[in-house]
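Chemist: Input: one structure, supplied below.
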Amino acid sequence: MKYLLLIIPIVCTLSLNAQIDSFRLDQVHNPDYKRKLLEFNFLLNQSNQNQFKTLEQESPIDNFRLSGRTGIDFYSIKNSTSYQGVQFGHLNLNGSAINGKNEGNVADARTFLTDATYESNNRFYHSDKGLAHLVFNPRAEINYMKRNGINDNRSNLSHSDQETSNYLFESDLGWGHGRLENVSDARTVLFILEDLRKNNLLLREPTQEEINELANLAIYVKNQRFFDSRIKRIYELTTLDSLLQQQGIVSESSIGYHTILQDNWNYSVNPFRQTGTLFQYGLRQRFFIENSTTNYLSRDSTGTDLTRGGQRGYLEEMAASFFVNFEYYRPLSQSLQNDVRIQLNSGLSGRYQTNDIYSINDEERTSQSENNLFYSLSVRDDLGIYPTNRTYISLWLEARYEGYISYEGTGLFDQEDRMLDQFTLSGGLSAYYYFSPQLRLSAEWGSNFNYFNTKQHDTVSEWVSLNEVSRWNNNFSLRLTYKLF
């Protein structure tokens, strides 16, 4: 009888360990959820320099600089059985003013910059249970810059205005198969259960269904929107605690239990991980326009020698290509993650450019057009190691080959045609260790090899190398962060 009593707790312990340790992250399926974020940021910088006249210096120095920036970021994510997508929007406004006097020279300049970006990644699934989906990924970007300045150096007064604007629109339209699921929040739940088990705070074995239920709740509450982040954190922990108590797998609330729950929820090191496979193919379009204008006016101190001129530029680019993407995300275990991405893209592009240079008595226009056949192939493999909730190690290796053939007019392989081949092999390692909320250690190492070969087509229909370069770069960084307060 005593042997039977000894065997029973051993079997229960093995069963408890098996349920938590054998939980498969690659079989996680996320519930429906959505989240929207809107962030504002504002920055103001001011600096000035004053240097008074000395015996060695003829004139004082007086410089003043004021700059500011404000930005709006919008982020939205939605997951359902029929749709997976992410939307991102960004608006940024920058301005600066410089006024100064240095050695008798007076300068005054004003600069204004703005940029707006919208990016969308969408997968529309054909049926609720199917993996086939429509791919539509549009992206738009607008940039604008205006600058004017005056420079007076006693003998000459000059004024210049510069204005540049560009517009970009590109999109992917195609078909795909596969689906991705977020497993990071499920791993957080496993961290919590593991620590509760180590401290003997689990009353019984959690079933696979109960672990899934906790994981689904974790991803749901994390994607709820609150104006006050403190209230949001209270809501998250209270909701998770309520389900744990309802399931009856933990002992009555205690200081130890709540400490483990809060520590893992707030501070566990848990980089974003996914599971699933995606295969997508389709057409990619790109359209880009840039306009630039520069005007200048200068005269001498007497005002008799006047010079006026400027430059106008216009650039237009269009491209169409066929793309193939393959993405494989797989948790090999709770502590290992392997991600593989393969991208292939090939197509045609056209470029038209004009440049007008003008002065008081003359104006000259130059124009150029060219067509390109371009192609690229990249393969990347990431291996993540997450042994505990305090550390991770990430290794990656990427190979990329890209090139193009550029030719003017309508003729291919003319004397002025050019070809560029580029091969890049890169790899890296990053490691992170969390000692406490105050002390953290991180290290990064990266290395890459680049090979460039530019060729030109000669009169006997052969490619002749104009420039061939091989380059190897390495970098390493080590960071130790300690917060006093």
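The values are calculated or read from the model by the stated rules, or taken from the named source; none is laboratory data. Nothing here was measured: the structure is a model prediction, and the numbers come from that model. Using ideal geometry, Cβ is built from the backbone for each residue, glycine included, and neighbour counts are taken over all protein chains shown. Accessible surface areas use protein heavy atoms only, side chains included; no ligands, DNA or RNA. Shrake-Rupley method; radii C 1.70, N 1.55, O 1.52, S 1.80 Å.
Chemist: Considering only the other residues whose Cβ falls under 9 Å of the Cβ of Pro331, what net charge follows from Lys and Arg at +1 and Asp and Glu at -1?
Modeler: Numbers: positive: Arg24, Arg187, Arg273, Arg330; negative: Asp26.
Result for the local shell: +3.
Chemist: Which FRET efficiency value, to the nearest 0.05, do you get for Phe423 and Phe74 by plugging their Cβ-Cβ distance into 1/(1 + (r/R0)^6) with R0 = 45 Å? List each step's numbers first, then the result.
Modeler: Details: r = 38 Å, r/R0 = 0.85.
That pair, Phe423 with Phe74, gives E of 0.75.
Chemist: Another question, then. Going from most exposed to least, what order do Ile249, Ile77, Ile98, Ile234 have by accessible area with a 1.4 Å probe? All intermediate terms of the calculation are to be shown ahead of the outcome.
Modeler: Values: Ile249 0, Ile77 35, Ile98 65, Ile234 95 Å².
Output order, biggest surface exposure first: Ile234, Ile98, Ile77, Ile249.
Chemist: Whole-Hz ³J(HN,Hα) for each residue in region 371-379, computed from phi via Karplus 6.51 cos²θ - 1.76 cosθ + 1.60 with θ = phi - 60°, x for glycine and proline: what do you get?
Modeler: Calculated HN-Hα couplings, in order: 10, 10, 9, 10, 7, 7, 9, 9, 9 Hz.
Chemist: Probe radius 1.4 Å, ligands and nucleic acids left out: which of Asp339, Asp108 has the largest accessible area, and how do the rest follow?
Modeler: Details: Asp339 30, Asp108 50 Å².
Largest accessible area first, the residues go Asp108, Asp339.
Chemist: Let me ask something else about it. In terms of the Cα gyration tensor, with a ≥ b ≥ c the square roots of its eigenvalues, is region 109-182 rounded because a/c is under 1.5, prolate because a/b exceeds b/c, or oblate? Write down the numbers at each step before the final one.
Modeler: Numbers: a/c = 7.74, a/b = 5.09, b/c = 1.52.
Taking the square roots of the gyration eigenvalues as a ≥ b ≥ c, region 109-182 is prolate.
Chemist: First measure r as the distance between the Cβ atoms of Phe326 and Lys483, then evaluate 1/(1 + (r/R0)^6) with R0 = 35 Å and state the FRET efficiency to the nearest 0.05. All intermediate terms of the calculation are to be shown ahead of the outcome.
Modeler: On the way: r = 42 Å, r/R0 = 1.21.
Given R0 = 35 Å and the Cβ-Cβ separation, E is 0.25.
Chemist: Now, a different point. Considering only protein heavy atoms, with the full assembly of protein chains and a 1.4 angstrom probe, order Leu478, Leu25, Leu377 by accessible area, largest first. List each step's numbers first, then the result.
Modeler: Details: Leu478 120, Leu25 5, Leu377 75 Å².
Ranked list, largest accessible area first: Leu478, Leu377, Leu25.
Chemist: Expected output is a single nm value to one decimal: the length gained when fully extending between Ala431 and Ser127, i.e. 0.36 nm times separation in residues minus the C-alpha distance. What is it? Could the numbers behind the result be given before it?
Modeler: Details: separation 304, 0.36 × 304 = 109.44 nm, distance 4.12 nm.
The span from Ala431 to Ser127 would gain 105.3 nm if fully extended.
Chemist: Would any residue of region 320-363 have its amide N under 16 Å from a label point 7 Å out along Cα→Cβ of Leu243? List them or say none.
Modeler: none
Chemist: Report, in cubic angstrom per residue, the convex hull volume of the C-alpha atoms of region 287-390.
Modeler: Spread over its residues, the Cα hull of region 287-390 gives 168 Å³ apiece.
Chemist: Now, a different point. Using a 7 Å offset from the Cα along the Cα-to-Cβ direction at both Lys34 and Leu395, what is the distance between the two label points in nm, to one decimal?
Modeler: 4.3
Chemist: Hey, with R₀ at 35 Å, roughly what FRET efficiency would Glu163 and Phe88 work out to, going by the Cβ-Cβ distance, to 0.05? Spell out each step's value before the answer.
Modeler: Values: r = 28 Å, r/R0 = 0.79.
Computed FRET efficiency for Glu163 and Phe88 comes out at 0.80.
Chemist: Report the extension gain between Thr293 and Gln224 in nm, rounded to one decimal, defined as 0.36 nm multiplied by the number of residues separating them, less their alpha carbon distance. Numbers along the way, then the final one.
Modeler: Details: separation 69, 0.36 × 69 = 24.84 nm, distance 4.73 nm.
Gain in length upon complete extension: 20.1 nm.
Chemist: Please compute the per residue accessible area over region 200-250 with all protein chains in place, 1.4 Å probe, rounded to a whole number of Å².
Modeler: Numbers: 2860 Å² over 51 residues.
Value for region 200-250: 56 Å² per residue.
Chemist: Let me ask you something else. Between Leu173 and Leu43, what length in nm is gained on full extension when 0.36 nm per residue of separation is reduced by their alpha carbon distance? Don't skip to the end; give the middle numbers.
Modeler: Numbers: separation 130, 0.36 × 130 = 46.80 nm, distance 3.83 nm.
So the chain would gain 43.0 nm between Leu173 and Leu43.
Chemist: Sticking with this one: Where a ≥ b ≥ c are the square roots of the eigenvalues of the C-alpha gyration tensor, would you call region 115-246 rounded, which needs a/c under 1.5, or, failing that, prolate if a/b is larger than b/c, or oblate? The partial results should precede the final answer.
Modeler: Working: a/c = 4.45, a/b = 1.99, b/c = 2.24.
Taking the square roots of the gyration eigenvalues as a ≥ b ≥ c, region 115-246 is oblate.
Chemist: Also: Classify region 178-336 from the C-alpha gyration tensor, please: rounded if a/c falls under 1.5, else prolate or oblate depending on whether a/b exceeds b/c.
Modeler: The shape class here is prolate.
Chemist: Another question, if that's okay. Return the distance in nm (one decimal) between the two label points of a simple spin-label model at Lys146 and Ser96, each offset 7 Å from Cα along Cα→Cβ.
Modeler: 1.8
Chemist: Let me cross-check Tyr482: its accessible surface, 1.4 Å probe, with only protein heavy atoms counted, in Å² to the nearest 10?
Modeler: 140
Chemist: Amide H of Gln274 versus every other amide H placed in the peptide plane: which residues, excluding those fewer than 5 positions away on the same chain, fall under 5 Å?
Modeler: The answer is Val183.
Chemist: Provide the solvent-accessible area of Trp472, counting protein heavy atoms only and rolling a 1.4 Å probe, rounded to the nearest 10 Å².
Modeler: Only protein atoms counted, so the area is about 150 Å².
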